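Notes to accompany the following structure.
The values are calculated or read from the model by the stated rules, or taken from the named source; none is laboratory data. Only a predicted model underlies this, so the values are computations on that prediction, with no experimental measurement involved. Positions of Cβ are generated from backbone atoms using ideal geometry, with glycine treated the same way; all protein chains shown enter the neighbour counts. What goes into the accessible areas is simple: the full protein's heavy atoms, side chains included, and nothing from ligands, DNA or RNA. Shrake-Rupley method; radii C 1.70, N 1.55, O 1.52, S 1.80 Å.
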Number of protein chains: 2
Amino acid sequence: MTQLPDSTLSRLFDPQGIAIVGASATPGKIGAMPVTLLRQHGYEGRIVPVNPRADTIQGLAALPSLDALDGNIDLAILAVPAAHAAQALERARPGQVGAAVVFTSGFSETGASGAAQQERLCAVARERGIRLLGPNCLGFMNVRRKVYATFSPAPANGIVPPGGIGMVSQSGAFGAYAYSMARERGLGLSHWISTGNEADIDVADCIEWLAHDADTRVIMAYMEGCRDGNKLRRALAAARAAGKAVVVTKIGRTQAGAQAAASHTAALAGDDAVYDALFRQYGALRARSIEDFFNLGYALDTWKRPPAGKRLGIFTISGGVGALMADEAQDAGLALPEPAAPAQARLLERVPFASGRNPVDVTGQAVSEPGLLLTTADDVLADGGYDALAVFLAAAGSSEALWPTFEAFAREMQARHPGVPLAISALFPPARRRELERLGCLVFPDPSAAIRTIGTVASLADRADMDASAIAPSASPDGAPPLLDAYNEVQAMALLRHAGLPATPCTLAADAGAAVRAATALGCPVALKVVSPDIVHKSDVGGVKLNVAGEDALRRAHADIMDAVRRRCPQARIDGVLVAPMAPKGVECIAGVHCDPVFGPVVMFGLGGVFVEVLKDVSFRLAPFGRDEALAMIREIKGYALLQGARGAPPCDIGALADALAALSRFAHARRADFSSVEINPLLALPDGQGALALDAVVIRSGA
Amino acid sequence: MTQLPDSTLSRLFDPQGIAIVGASATPGKIGAMPVTLLRQHGYEGRIVPVNPRADTIQGLAALPSLDALDGNIDLAILAVPAAHAAQALERARPGQVGAAVVFTSGFSETGASGAAQQERLCAVARERGIRLLGPNCLGFMNVRRKVYATFSPAPANGIVPPGGIGMVSQSGAFGAYAYSMARERGLGLSHWISTGNEADIDVADCIEWLAHDADTRVIMAYMEGCRDGNKLRRALAAARAAGKAVVVTKIGRTQAGAQAAASHTAALAGDDAVYDALFRQYGALRARSIEDFFNLGYALDTWKRPPAGKRLGIFTISGGVGALMADEAQDAGLALPEPAAPAQARLLERVPFASGRNPVDVTGQAVSEPGLLLTTADDVLADGGYDALAVFLAAAGSSEALWPTFEAFAREMQARHPGVPLAISALFPPARRRELERLGCLVFPDPSAAIRTIGTVASLADRADMDASAIAPSASPDGAPPLLDAYNEVQAMALLRHAGLPATPCTLAADAGAAVRAATALGCPVALKVVSPDIVHKSDVGGVKLNVAGEDALRRAHADIMDAVRRRCPQARIDGVLVAPMAPKGVECIAGVHCDPVFGPVVMFGLGGVFVEVLKDVSFRLAPFGRDEALAMIREIKGYALLQGARGAPPCDIGALADALAALSRFAHARRADFSSVEINPLLALPDGQGALALDAVVIRSGA
């Protein structure tokens, strides 16, 4: 997790020299733009135009091909037609070129022959040890080093200043728009990267590299899909280890979006619920719109540190808008604790019509009494009861006369309460807004957007608590039941029991005598069920007897089952009869594992019945995970109240449920080569203190 | 519904002359600002400063008090301290002053003595026939007539041009912010009104007046609560009848927000779910943030007419962002039908790497081929399959070189496809943006905001289908069962049956013989239940027998019930034993009516079991309503799939369910004076074609 950045990527993203293959003198040509931009913005490394049909390009001496270069060069930009790209790169001597950015389209995105072309290009690059960005990409920019290895028209309309945001986008159009948006919103970038077809370097590589890049504080990524799940997990873990927040937009949240994404990316984008689980699990903040994407990047970049928790103070000069903000805060999962009583009393003494509760309404008095806002904030924040402060100034924010008051407020807040990040909602003129941002204060025209952003950013605090080491070492297969080709339910339960799951004790009885012995050993009324790989609906064929006690009754029940099954399913192979204690009362849940083609085993949790079947009320996590993650997964369910003891029932043993899910995740991860799916249905959540209990399970071998 | 506007409000909002009581020469004083603004912006009526301590104010001759006025005046602005307001108004002769705007605070918002002061002010106004806006308000502006009857500082920072939006806000701070926001976003206003304490005129009065105002096309309202539900309903109905959309922000959506609102408005804001029902029912679009508020107002004002339906075409030059927009479209309830095959083929012929499906990705080719966008749109829209078009231009929108292409596109779209309103997402320079807006085209930097806005505005199309006349005349009490002090379940069911609800036939049997006769008449196995006002949990005391058939069994069951109940509840009054057919299979629903203190009877619908109890999955409508509204109400439920036939069950008779709810709403409305609540639980939804069936009901008399 803490490995050093890939040094070949450093040659790419921080090159000492750049050759532009297909360099052009014609303004607007894709071979002309990087030369123009590099010179215009003062790139300090070597710039070598490569073009066999010109001696100089834009005043620089040009070479006919890469092999004419004396010595090595970190980066080659390929701005030649797809048909010539591999050939142009072939001219490089092995080791001579560190990396190549391939602008041109006409590769895998166009179909089979383009894909072959792309494969050939990759092979040439691999042979020569060249890392490849693209093809079919807009290139990249290293803003601080003035590396404009791009033909995006976006910088031509004005460049973005250097800053702490590293931005990477699979889509060029999204990337170019995001670059323009960053300029519009006054954000600073460290790097801007578009990955295009990702023949070699993908979004995950870039995230990992940015995680180690000293200029980058926040990573903003746009992705359409992922081919190497482990690499993406490693990249997100690296960012988390480096304390850098990742904001991600991934398309395909809905069926309509996934369909559009699939038709666009050719490769299926994968199950979106799994991406969602991944992002939650690794503390990446998922943005659902470009606006959210920027609000989050903006907040993480502007604030020195995100809120340490979810306790929000709201200060307004309008009670009504305060309530509007409180609405949004509740939706965003933020708490609005009341200020201490003495602080409330002091405010009311000063402004009798104010409201001292949270939202704190200092009223329009804040306009006529310049010190009121700060005094109140000092007083309310003195107890340390807040993790962030959101202030609404209404139309007063536009007043030049009041600017010194607001500027002093933001400055003093930063000095006196550095642990309470501040967001102000008002319509400041752009220059004023920038001043406040330089003081580390967020500014939002829309107070609801301020609250929503704080809510999402504050969720990082939960994540910080989740120690990755809480994931116990994976269950080892040592001593596990022998690996079988297929598992009946008794074998499946034994497997899960060995993996640390609370599986109800059950025995496979070969005959009536064995059934009696098993029931006697359990010492309670039992359930008997026929076990057969050929019978799915056991009750329907008379294969189930419940609540059986006493030797005679057991023998009779056993005989009844065998008779009924032999009569109604004469062809069925019968393994025996399962003997298990009758289930105690509890809330029926479902837990499962399926194998995602990109991310491997994924654990699912839900409540039984209509919750899963009608409401699709389930949550997912990538295996393995620890207890805290399992708890988060359980709390995510819409029907969570049912586990807390709704309808007069006692609260369930949620901790035991979490332990069971974590154990399932460790099993799924450790045995991912052996098993492709597990379904535990029902997994019974018993009353608090009594644990959880798997009553039945289906386990499917890999390749089965 | 089609009554004429209140002419006394016309004197207020369109005054021919204005007296400013407490007029001042000191800049910034609340008595100075209206005089300054009226003169500065060229108000053409008479302006009369009133101040006993000055002969002239800002160069105008001042009068000592209102009675010194020769003749009448439409409007008096009161900018004097609360203690002097009533006194100042008292000086007016009856009939002399049409209306008064009272700026000053210190009235009911400050407590009991302020409330008394306000009552006195109202009495004075009533005696003299003066309509009152405020007190404790920022006043109003009639933008076209240059009436600036306000002391809001917002117009001092720049005024908003005349336009089609009428804006009314209970909160002054929200109103001032919204005014500034309108200026920032380039929107035009007809009127801007702040209602403050609403001693006389409230938001509903203003909505109704704006509904009749020729200058207003769209109404934007902010409210915190409402004291007269009927007036608000009438106002929203008037706006709807006038074809004017209403966008409303009401605080208190959540518990935290409602709490804050209550502490702010002193009076409880009321049940938010009822407001939500009201807005849905009357086709008012509820905005949850200031940004949504403006996006909706902007769309309704800029588009000549809203989309006629929910079929959206998405055009992009980026497949990825197209998918992002498709995600948002699905969330917004929009459909994305595919273009006709020939149109798709023609696009692919022209641009092989394009995507002809919806989202239509014309690719970056749109940049190099100026006509591509329009040709494709012409081709795709020719079949009339779309109600709106959303276009994403990525960073190309910022390009001055491409401006003529985009301008021509917007212009031609308007000319050739006037029935397909257009929204473009791109970062245009402000002046370019305004040009597109003048062409009737919406512009959004965030493509998701564009889609979200289209989705909400398109929901007006559903509303347009809902003919208010679909509400059949209210059930008359003629021939209804006699009005009782209290209703047992048999009486309750009879009442509902008479009201047109499908209530299961049930009889109250006084003795075993009567029970046998009733069961014989039904001709099927029956359920027997003891009926007693003193027994709630009938099964627990042995008061229920199910599936009883045959005279002997009936007599035995009757005796068993009576014995058990007499033994276990010796004090209980017993009305008899209910005899009803056994219930058929169906999905258990719940329907109810409760009486909202502001809006009267409100009908609730939900699915039984965990849906209501754990998930609070219910929908509401104000009574009365018709079948279409009832259908909308049923479809709103999250568990709706269960009624459509989830889990292998047959689909339910949703039409019959809707008829039952509509009948319940008519009953609740017609008998609102007699009954305070009804609960039908369960209301069984039977398989399609078999109707619905109320199995049990509780009816509570008003005042009981």
Working from Cα positions, state the angle (0 to 90°, nearest 10) between the long axis of helix A:372-381 and the longest principal axis of chain A. 40
Which value, in Å² and to the nearest 10, is the accessible area of A:THR405 when all protein chains are kept and the probe is 1.4 Å? 30
Calculate the mean, over all residues of peptide A:329-342, of how many other protein chain Cβ atoms lie within 10 angstrom of the residue's Cβ. 2
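Taking a 1.4 Å probe, which of A:ARG647, A:ARG227, A:ARG233, A:ARG621 shows the most accessible area, and what order do the others take after it? Mind dumping the intermediate values first?
Numbers: A:ARG647 135, A:ARG227 165, A:ARG233 30, A:ARG621 0 Å².
Reading off the accessible areas and sorting them downward yields A:ARG227, A:ARG647, A:ARG233, A:ARG621.
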Quick check: the angle from helix A:272-281's long axis to the longest principal axis of chain A, C-alpha only, nearest 10 degrees? 80
Lys/Arg +1, Asp/Glu -1 at C-beta; region A:1-151 dipole; positive extreme among A:VAL147, A:ALA83, A:ALA23: A:VAL147
May I ask which residue of chain A has the beta-carbon nearest to the axis carrying chain A onto chain B, and at what distance in whole Å? A:VAL610, 3
Per-copy distances of the A:LYS616 label point, shortest first, in nm (7 angstrom along Cα→Cβ): 2.5
Taking the Cα centre of region B:1-151 as origin and charging only Cβ (+1 Lys, Arg; -1 Asp, Glu), how large is the dipole, in debye to the nearest 20? 200
I need the phi-derived Karplus couplings for region A:501-507: 6.51 cos²θ - 1.76 cosθ + 1.60, θ = phi - 60°, integer Hz, Gly and Pro marked x. 8, x, 9, 4, x, 9, 10
Mean projection of the alpha-carbon convex hull of chain B over all orientations, in nm²? 37.4
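Rounded, prolate or oblate: which fits the protein assembly as shown, taking a ≥ b ≥ c as square roots of the Cα gyration tensor eigenvalues, rounded meaning a/c under 1.5, else prolate when a/b beats b/c?
oblate
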Identify all lysines with a Cα-Cα distance to B:LYS304 below 21 Å; exclude those on the same chain that are fewer than 8 residues away in sequence. B:LYS244
Find which of B:ALA261, B:MET167, B:LEU296 sits farthest along the positive direction of the dipole of region B:165-302, computed with +1 on the beta-carbon of Lys and Arg, -1 on that of Asp and Glu, about the Cα centre. B:LEU296
Stretch in chain A that is longest and holds no GluC sites (Glu not before Pro) that DSSP places in a loop and that have at most 11 other beta carbons within 10 Å: A:45-399
Putting +1 on Lys and Arg Cβ atoms and -1 on Asp and Glu Cβ atoms, find which of A:LEU546, A:ALA658, A:THR36 reaches farthest to the positive end of the dipole of chain A. A:THR36
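About the Cα centre of the protein assembly as shown, how large is the charge dipole given +1 on each Lys and Arg Cβ and -1 on each Asp and Glu Cβ? Please answer in debye to the nearest 20. Write out the running numbers ahead of the final one.
Numbers: 130 positive and 142 negative charges, 130 e Å.
That gives the protein assembly as shown a dipole magnitude of about 620 debye.
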Any chance you could check the Cα centroid distance between region A:411-426 and region A:337-402 for me, in angstrom? 13
Spelling it out for B:LEU133: with amide H atoms placed in the peptide plane at 1.01 Å from N, the residues 5 or more places away or on another chain with amide H under 5 Å from its amide H are B:ALA100, B:VAL101, B:VAL102
Give the shape of region A:1-151 as rounded, prolate or oblate, defined through the alpha-carbon gyration tensor: a ≥ b ≥ c are the square roots of its eigenvalues, a/c under 1.5 means rounded, and otherwise the shape is prolate if a/b is larger than b/c and oblate if not. rounded
Under-5 Å amide H pairs with A:GLY542, H placed in peptide plane, nonlocal only: none
Accessible area of chain B belonging to carbon and sulfur atoms, whole % at 1.4 Å probe: 52
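How many Å² of accessible area per residue for region A:587-701, probe 1.4 Å?
Details: 3850 Å² over 115 residues.
Per-residue accessible area for region A:587-701 comes out at 33 Å².
Using a 1.4 Å probe on protein heavy atoms only, how many Å² of accessible area do B and A hide from each other, summed over both chains and rounded to 100? Don't skip to the end; give the middle numbers.
Working: alone 29180 and 29190 Å², together 52870 Å².
Roughly 5500 Å².
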What are the residues of region B:191-235 that lose 10 Å² or more of accessible area, with a 1.4 Å probe, going from their chain alone to all protein chains? B:TYR222
Under the convention of a label 7 Å out along Cα→Cβ, give the distances in nm from B:PRO342 to the same position in every other copy, shortest first. 8.3
In sequence order, calculated HN-Hα J values of region A:139-155 (Karplus, 6.51, -1.76, 1.60; Hz; x Gly/Pro): x, 8, 9, 9, 5, 5, 8, 6, 8, 10, 8, 8, 10, 4, x, 4, x
Please list, in order along region A:624-637, the HN-Hα scalar couplings obtained from phi with the Karplus expression 6.51 cos²θ - 1.76 cosθ + 1.60 (θ = phi - 60°), rounded to whole Hz, x for Gly and Pro. x, 8, x, 4, 4, 5, 5, 5, 4, 5, 5, 5, 5, 5
Peptide-level mean, for A:314-320, of C-beta atoms on other protein chains within 10 Å: 6
Solvent-accessible area of B:CYS122, probe 1.4 Å, all protein chains present, reported in Å² to the nearest ten, please. 10
Built amide H within the under 5 Å cut-off of B:ALA62, gap 5+: B:THR56, B:ILE57
Percent antiparallel among DSSP beta bridges with both residues in chain B, to the nearest 5? 50
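What does the charge dipole of region B:305-465 about its Cα centre add up to, to the nearest 20 debye, if the Cβ of each Lys and Arg holds +1 and the Cβ of each Asp and Glu holds -1? Can you show the working numbers first?
On the way: 14 positive and 19 negative charges, 64 e Å.
Using only the charged Cβ atoms, the result is roughly 300 debye.
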Using a 7 Å Cα-to-Cβ projection, A:GLY28 label spacings across copies, nm, ascending: 5.6
May I ask you to list the lysines whose Cα is less than 28 Å away from that of B:LYS538, ignoring any residue fewer than eight positions away on the same chain? A:LYS585, B:LYS529, B:LYS585, B:LYS616
With a ≥ b ≥ c the root eigenvalues of the C-alpha gyration tensor of region B:305-465, is it rounded (a/c under 1.5), prolate (a/b larger than b/c) or oblate? rounded
